[in-house]
Amino acid sequence: MHIESLKMFCDLAETESFTKTAQLNTVTQSAVSQQIGSLETHFSSQLIERSKKKFRLTREGQLLYEHGKRILHYHESLISRLREMENQVSGTIRLSTIYSIGLHELPLPLKKYLKIHPQVNVHVSYRRANQVYEDVRGNVSDVGLVAFPVKHAELETVSLRKDRLILICHPRHPFTKQKRIPIPSLAGQKVIGFEPDLPTRKAIDKILKDHGVQARYAMEFDNIETVKRAVEIDAGVSIVPLSTIAQEIANKSLALLEFEDGEYFRPIAAIYRRRKVLSPALKEFLATLRGN
């Protein structure tokens, strides 16, 4: 039995998908099936219940998964310690991130990291917030980047920074005649927002509600770029993280306004699986994200 076969089986148990397991291991689905078949031959046991219903491990498969994870943990710990002893930072980091962080917060630290550690491969996937959590919990990604992090028993959270929330509007919008905007002024305004299930949208709704404002959403989108494009055509105003609009402010395609009522922030964090063995590459990456 090879360690690669055991890893592939554990990946399959966690993702419950031959397609995702194949992608994780850079092989074909047929290769995954062959490796699982080899393990079943090796242990003389059926490990997966083969039916058209929901993916399910047999009792033998569950036992192999539980012990296999321990074996992989010790193997990863050994590799990590050997690399630390050699001061070697290499390997692959699988990263899932929400759009706004991936497009506007990640590029600078990632560029800095890869300049120092060119031998590390960083694979970035742009996902919705709930999918980032699923990727990390399912071991599809080593680390995730999220806003307004939610505590979870299976996950560690590393706070990175806070991004100020501001109001944006069309440069010719009447709001631009004011230096600061009272939040109650948004009552009755057409608002361009994120989709209701996104953490940033929920936080914005709470800010508005706390000031007695029931938002009148004209459009709702799942990513920051589409939100900005809608505001640029004067379809409404929006509340967004400051870091996401640098280019539009420079081009004067959007106007930025601060709130009169106070400052509001969007916390950003990295998440990874609790008890995960952090490779030297991943430790250095998290340190770079923290600005260390």
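The values are calculated or read from the model by the stated rules, or taken from the named source; none is laboratory data. Only a predicted model underlies this, so the values are computations on that prediction, with no experimental measurement involved. No Cβ is skipped: glycine too gets one built from the backbone with ideal geometry, and neighbour counts run over all protein chains shown.
Laid out as a table, the results:
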| item | result |
| --- | --- |
| Subset of the stretch 157-199 (residues that are surrounded by 18 or more Cβ atoms within 10 Å (Cβ to Cβ) and of a type in the set (S, T, Y)) | S185 |
| Count of residues meeting criterion [under 24 Å from E76 (Cβ atoms) and either of a type in the set (D, E, K, R) or not in a helix (DSSP H, G or I) (or both)] in the stretch 1-47 | 13 |
| Only one of V213, V237 that is farther than 25 Å from G138 by Cβ, touching a Pro at 6+ places or on another chain (Cβ under 7 Å) and of a type in the set (V, I, T) | V213 |
| K115 vs. criteria modelled with pLDDT of 90 or more and more than 30 Å from D222 (Cβ to Cβ) | yes |
| Scope the stretch 115-129; condition within 23 Å of Q23 (Cα to Cα) and outside any loop (DSSP other than H, G, I, E, B); matching residues | V120, N121, V122, H123, V124, S125, Y126, A129 |
| Residue that is surrounded by the fewest Cβ atoms within 10 Å (Cβ to Cβ) [pool: residues in the stretch 46-65 that are in contact (Cβ under 8 Å) with a residue 40 or more places away in the chain and among the aliphatic types (A, V, I, L, M)] | L57 |
| Residue within the stretch 23-39 that is closer than 12 Å to G61 by Cβ, surrounded by 14 or more Cβ atoms within 10 Å (Cβ to Cβ), more than 26 Å from the chain's Cα centre (by Cα) and not polar (S, T, N, Q) present | yes |
| Residue among D222, D234, D210 that alone is touching a residue at least 60 places away in the same chain (Cβ under 8 Å) and at negative phi | D222 |
| Only listed residue being in a helix (DSSP H, G or I), charged (D, E, K, R) and either over 13 Å from the mean Cα position of the chain (by Cα) or closer than 15 Å to S238 by Cβ (or both), chosen from R201, R172 | R201 |
| Of the criteria (1) more than 18 Å from E105 (Cα to Cα); (2) at pLDDT below 95; (3) under 25 Å from the mean Cα position of the chain (by Cα); (4) surrounded by fewer than 17 Cβ atoms within 10 Å (Cβ to Cβ), which one D222 fails | (1) |
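Per-residue answers, yes or no, for (1) within 15 Å of D163 (Cα to Cα); (2) of a type outside the set (A, V, I, L, M, F, W, C); (3) touching a Lys or Arg at 6+ places or on another chain (Cβ under 9 Å):
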{"site": "E225", "(1), (2), (3)": "no, yes, no"}
{"site": "V231", "(1), (2), (3)": "no, no, no"}
{"site": "G236", "(1), (2), (3)": "no, yes, yes"}
{"site": "V240", "(1), (2), (3)": "yes, no, yes"}
{"site": "S243", "(1), (2), (3)": "yes, yes, yes"}
{"site": "I249", "(1), (2), (3)": "no, no, no"}
{"site": "K252", "(1), (2), (3)": "no, yes, no"}
{"site": "A255", "(1), (2), (3)": "no, no, yes"}
{"site": "F259", "(1), (2), (3)": "yes, no, yes"}
